[in-house]
Structure formats: C-alpha cells, structure tokens
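Read the structure below first, then the notes.
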Amino acid sequence: MIAANLTEPDDFEAWRTQARRLIANGTAPDQVAWSDGGGTADLFALPAPPPAATTAPREVRASRAFMDLARTAVLHSAPDRLDLLYRLLWRLQDCPRLLDDAADRDVGALRRMAMQVRRDIHKMHAFVRFRSVTDEDGAERYVAWFEPDHHIERATADFFVNRFASQRWSILTPRLSLHWDGMAPLEGPPASREDAPSEDAVEDLWVGYYRSIFNPARLKVGMMVKEMPRRYWKNLPEAREIADLIAGAHKREASMIATGASLFEDAAPASLEAIAGGIAQCRRCAIGCNGTRAVMGEGAGDARLMIVGEQPGDTEELENRPFVGPAGQLLDRAMREAGIDRSAAYVTNAVKHFKFAPRGKLRLHQNPTAGEIDMCRWWLDGERALVKPKVILALGASAARGLIGRTPSIGRERGQALVQGDGTVIWLTAHPSYLLRLDGEAREREHTRFAQDLAGLAGVLAGASTGPG
C-alpha cells in the first residue's frame, strides 16, 4: 500500500502532483491510501516512490471539465473524496469521456460533492455578518464568525478581499482565521465563537433594514428556510426578527391591499369601454408611468370563462392585445387540445401595463410586485363585475393574487376549484411563459401537468354550462 498525504486538506495542487506521479507509476487506486492533515489512513502504507527508471512513465491525461470539478470537490469534507478523485483520474486514462456517463456512480458522487461545496461557498458569501471592534492601534476592524461545512475558507478569501478591500476585517472559523489589513491577506490559527463579538452598535440599523425590505406578500416560509437554513440563524442579527415578521405577514399583506384600493375613490366603471379608457390614463403605480400602453382585455362581454394572465408582454404591448405572443400561442394550442374555445372566453391580465428592464434594443420582462398587482386589482375587479364569468382560469401566481388577494402556491393549489363567495370558480395553473423557459424532462413533465389542468378546467366548464345560472 502506498501512502499519499495532503498537508492541507484543500491543497489541490499537492493532490494533483501526487496523483500524476502515482498514475505514471501505474499504481492502481486500491493500492493507494489517501489522507489529509498530515496523517496517514493506513499505518502500514509506504511513501510514494519516484517513477521507475527502467520503464517510461505513463502519460497522464485529464479533461478540463474533470480538473474544474476536482478542484472544487477536493474542498469537500468527506474523508473519501481523495480516493474518489484518484479513482476517477485512473479510469479517465482508458475512458476519456467518462464524465459524460451520468449514470456512473463515481461521476455522480463527484458532481454531488462539487455542488455541495459550491453551495457552501455561496452560503458563506451570503451569511457572514461582520461586527465592529477596535484594534490596539485604535483603528476599526470588522470581525465575523462562520462555520463552513467544507474546507472553503481560503477559496472564499478573494471574494471578501475584493468586496471589502478598504476595510480591516477578520473571519474566524474552527479550522483557521482569515485576516485583511488593507494590504495583504493573512492566515491565523483556529478560533471559537467566543473570540468574535456577539453584537455591535450598528446591529439595530441592520435589523431595521431587514425589516423594511421584508415583503409579506412574497412570503414562502419553506423556500426561505431552504435558502437561509436555520443553522446559520444564530450568526444573523436579522434572524431574531423572522418569527415576528412571519406572524404579522398576513396583517401587513391585507394592509397593502387596502392601501391600493383606497387610491381609487371614483365609482366602479360602468362598462368595459370605461375601463379601457381608465387604464390608459392610470398612473397610480410605477408601471403605469413607464411609457407603455395599457392593454385592455378582449373577448365576449358575457363570457362564461375569463382567462387572467400576469401582465402583457413585449408582443402584447406592441399589438395592444392580450396573449398574442409566444405564451399566448402555447396557451391557444393547449386549449384546443383540451377542447376549450378561446374565442368564447374573455382574456385579460392582472396588471395592465408591461413591466420590463431595457437591455439594448430588447425589453426584458420583469415580474410586477405584490403592491403593483394589488393596485391594478381595482380594474380587474371591474372587468370581473361586468363580464360575470362562471369560471376564471388564473395563469400563474400573480394572476391568482389579482383575483383572490393573496399569493398562492401553484404547486399545492393548481388544478382544483377555488370557489369564491359569489359562486365563481377560480381554476389555477402555471403561466404558459413558465413552460417556455423549461427544456428536457422538466419541459415534458410541466407540459403534461398543464394539459391535465386544462382538461380539468374543461370538465368544470362542462359542469358550469349545465348547472343553474
């Protein structure tokens, strides 16, 4: 057994040098005992010998894709990562396209390790919180405590140096400490949580900022916990506000909706023509002031089915008609396949103007905020009161919010009848533009779900056409 050791667990160059030498010597993976941190995994293992002088060393080859993955995966904390990397490098010598085999167990393990390391790096970038202290020379220093899952401390140093180049800072971790004095990065010994300050004078400012940007209308607790795992909360001053903000989210959301409605003091419009004229002049939110034309709904004024999307897109704004762009074409095809006649429906949007971000000659779609949807709800309510549909198809969460006053979970509530107080049935599904952004298996899966939702809608419409009223 040959011993191969990394003095530092994140030293990719040391791993590469030893791996090249071992493969050049023809040393099979099961003959190598890898370890890191100066120890050895096998008490009886021997140091790696130099290449044999009597035989030509084997040429070692590896693709750039493998090297990129290996450079990341070597930072993983799993003890067997070095064995995995060497085993893959060994196999690549005879199978250069091995990484293309998605079903290969070693390839899968390598990709998972690299993904977990990248995620850990992202979390460190996002969740390091500095607190101010005073150095012995009287200068201010910002100190943070962080506990990464993997050996990523050195890999993240450049990020913080570039971001806080003009300030003194230190990041303390259980494995080592990183310091920056404005001139050169330094490393120090391991630290403990007690070595870092627990709070500072500007803590309340940061908490106040977090409270001000918290949007109760966009609250998704499951997604929030996924993106901000609870294990990081103990280092985040804003985390102590989370419970209260979640508890008060519904009340604040209702207040936002009421604020939007209060801006409309006129009587409800008496006709669809009055609504068309009103939205053309409406400047009550930023979208109404962005220079685009308002796009009025179209279709039968007494339609049994109303279709509501999010907002007009680039094509819709130019043609001044709803759902005539790529998403509308996809919707038309799906409705035909489900046996639903779009020409008999009234089609409109929750928001009447096109919200976009300019990119050269392009206008890139931007989602309306909850406040903008709530502001435009007054017009949608007017259309709904005049058309009096029996069934409303809501395409996406923004459309549903414009109808029911809250942002639903598409995954949980799609394809089921949401019966309103006036007896109207709201049928929720995904927005067709979402399907256009997918590819591969995800696209096939979501197209199938979309077709199933529309098939269910067709059944509801059949029931509505034979029922009373």
Find the residue count for the stretch 314-344, including only residues that are open to solvent by 60 Å² or more (accessible area, probe 1.4 Å), in contact with a helix residue (DSSP H, G or I) (Cβ under 7 Å, 6 or more places away or on another chain) and in a helix (DSSP H, G or I). 2
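Take residue 369 and decide whether it is open to solvent by 50 Å² or more (accessible area, probe 1.4 Å), over 30 Å from residue 251 (Cβ atoms) and not charged (D, E, K, R).
Values: open to solvent by 50 Å² or more (accessible area, probe 1.4 Å): yes; over 30 Å from residue 251 (Cβ atoms): no; not charged (D, E, K, R): yes.
No.
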Of 191, 157, which residue is over 30 Å from the mean Cα position of the chain (by Cα) and open to solvent by less than 40 Å² (accessible area, probe 1.4 Å)? 191
So, in the stretch 147-193, how many residues would count as being out of contact with any Lys or Arg (no Cβ under 7 Å at 6 or more places or on another chain), free of Cβ contacts under 8 Å to residues at least 24 places away in the same chain, in a loop (DSSP other than H, G, I, E, B) and closer than 21 Å to residue 11 by Cβ? 3
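Can you find, within the stretch 418-448, the residue that is modelled with the lowest pLDDT among those that are of a type in the set (Lys, Arg) and either closer than 15 Å to residue 306 by Cβ or open to solvent by 80 Å² or more (accessible area, probe 1.4 Å) (or both)? First the steps, then the outcome.
So the first thing to find is which residues in the stretch 418-448 are of a type in the set (Lys, Arg), and the list is 437, 443, 445.
Checking which are either closer than 15 Å to residue 306 by Cβ or open to solvent by 80 Å² or more (accessible area, probe 1.4 Å) (or both) leaves us with 437, 445.
Details: 437: 91, 445: 94.
It comes out as 437.
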Out of all the residues in the stretch 124-133, is one or more touching a Pro at 6+ places or on another chain (Cβ under 9 Å), in contact (Cβ under 8 Å) with a residue 12 or more places away in the chain and assigned to a loop (DSSP other than H, G, I, E, B)? yes
All but one of (1) loosely packed, with under 14 Cβ neighbours inside 10 Å; (2) modelled with pLDDT of 75 or more; (3) within 31 Å of the chain's Cα centre (by Cα); (4) farther than 26 Å from residue 348 by Cβ hold for residue 250, so report the exception by its number. (2)
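Considering only residues that are outside any loop (DSSP other than H, G, I, E, B), open to solvent by 20 Å² or more (accessible area, probe 1.4 Å) and touching a Pro at 6+ places or on another chain (Cβ under 9 Å), which ones fall in the stretch 194-207? Walk me through how you get there before you give the answer.
Within the stretch 194-207, the subset outside any loop (DSSP other than H, G, I, E, B) is 194-195, 203-207.
This time we only want the ones that are open to solvent by 20 Å² or more (accessible area, probe 1.4 Å), so: 194-195, 204-206.
Residues satisfying the conditions are 204, 206.
Only one residue in 174, 185 is open to solvent by 50 Å² or more (accessible area, probe 1.4 Å) and farther than 23 Å from residue 239 by Cα. Which one? Before you say what the answer is, go through the steps one by one.
Values: 174 fails: farther than 23 Å from residue 239 by Cα.
Sole residue among the options that is open to solvent by 50 Å² or more (accessible area, probe 1.4 Å) and farther than 23 Å from residue 239 by Cα: 185.
The values are calculated or read from the model by the stated rules, or taken from the named source; none is laboratory data. A quick note: this is a predicted structure, and the numbers were derived from the prediction, not measured. Heads up, the Cβs are rebuilt from the backbone with ideal geometry, glycines too, and the neighbour counts pull from every protein chain shown. Surface areas here come from the heavy atoms of the whole protein model, side chains and all, with no ligands, DNA or RNA. Shrake-Rupley method; radii C 1.70, N 1.55, O 1.52, S 1.80 Å.
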